[in-house]
Amino acid sequence: MADTELPDFYQQRRANLPADGKVSQKVAVEVPQDSVKQKNEDDIETTLKQFDLCSKYGPCVGMTRLQRWERAEKFGLDPPVEVRDIVIANEEKYAECLWKGRL
């Protein structure tokens, strides 16, 4: 089979069109604000958990997250600035590390 016969052998279609060739209309969907807030809280908790579990930034038992972040910064370990911002903005909720009360 020659190269010129390939387009005839394989059907070609545009990647952004469905198989029937019709373009569907997109419908706007309202997302409840609670689910957006929950997703943000989940992202925050995941970020903080990763910080707590990373031994690169030193020990986390016996100090708050902010103290650990400041210690890591002092030693040039380049801790994520996002963690500091989260802890400062929500100090009552996110001050203690994951291991507080578990060890």
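The values are calculated or read from the model by the stated rules, or taken from the named source; none is laboratory data. Here the structure is a predicted model, which is why all the values come from computation and not from measurement. Please note: Cβ atoms are built from the backbone with ideal geometry, for glycine as well, and neighbour counts cover all protein chains shown.
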Subject >> Filtered residue count, segment 39-80, keeping only those that are touching a residue at least 12 places away in the same chain (Cβ under 8 Å) and not in a helix (DSSP H, G or I) >> reply: 9
Subject >> Val83, sole failed condition from (1) more than 20 Å from the chain's Cα centre (by Cα); (2) in a helix (DSSP H, G or I); (3) farther than 20 Å from Arg102 by Cα >> reply: (1)
**OP:** For Trp99, work out the one condition from (1) exposed (fewer than 11 other Cβ atoms within 10 Å of the Cβ); (2) at pLDDT below 85 it doesn't fulfil.
**Re:** (1)
Original post:
Inside segment 40-71, can you point out the residues that are modelled with pLDDT under 90, charged (D, E, K, R) and within 13 Å of Ala95 (Cβ to Cβ)?
Top reply: none
